[in-house]
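Report on the following structure.
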Amino acid sequence: MAHMYILRCGDGSFYVGSTVDLERRLCQHNEGEGAAYTRRRRPVELVHSEEFSRIDDAYAREKQVQGWSRAKRLALIEDRLEALPELARSRTGVRTR
């Protein structure tokens with residue numbers, strides 16, 4: 001099973017990734033063997049994950065969520081899915097993603 005995941009880093013920022021082995025990948029991030037971004041911001045905590053049958057689908061979702069604002073990522077993490085459409089609008093009222 002593949003996963004798209006969101007980590008909360010030690011500095012409060014978020015990291016979005018995808019993997020076929022979530023437990024192993026989380027350990028790698030916390031041991032400093034993951035991405036350079038998380039290596040400098042340990043410890044990390046898993047705050048959200050989604051399962052996919054294919055890694056390319058998990059990767060596509062990763063890229064989608066990476067393009068989101070912090071507010072929209074927080075709504076996803078907090079399971080406030082009803083807030084996502086409004087958060088997808090820019091300040092000018094035009095839908096962005």
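Each reported figure results from applying straightforward, stated rules to the coordinates on display, with no laboratory input. None of the values given here were measured: they were computed from a predicted structure. As a convention, Cβ positions derive from the backbone with ideal geometry for all residues, glycine included, and neighbour counts pool all protein chains shown.
Things to note:
- Tally of residues being over 17 Å from LYS63 (Cα atoms), touching a residue at least 12 places away in the same chain (Cβ under 8 Å) and out of contact with any Leu (no Cβ under 8 Å at 6 or more places or on another chain) across segment 14-33: 2
- Among the residues of segment 11-44, those identified as under 16 Å from ARG70 (Cα atoms) and in contact with a helix residue (DSSP H, G or I) (Cβ under 9 Å, 6 or more places away or on another chain) are SER13, PHE14, TYR15, VAL16, GLY17.
- Scanning segment 30-82 for residues that are crowded, with 17+ Cβ neighbours inside 10 Å and assigned to a loop (DSSP other than H, G, I, E, B) yields GLY34, ARG41, VAL44, TRP68.
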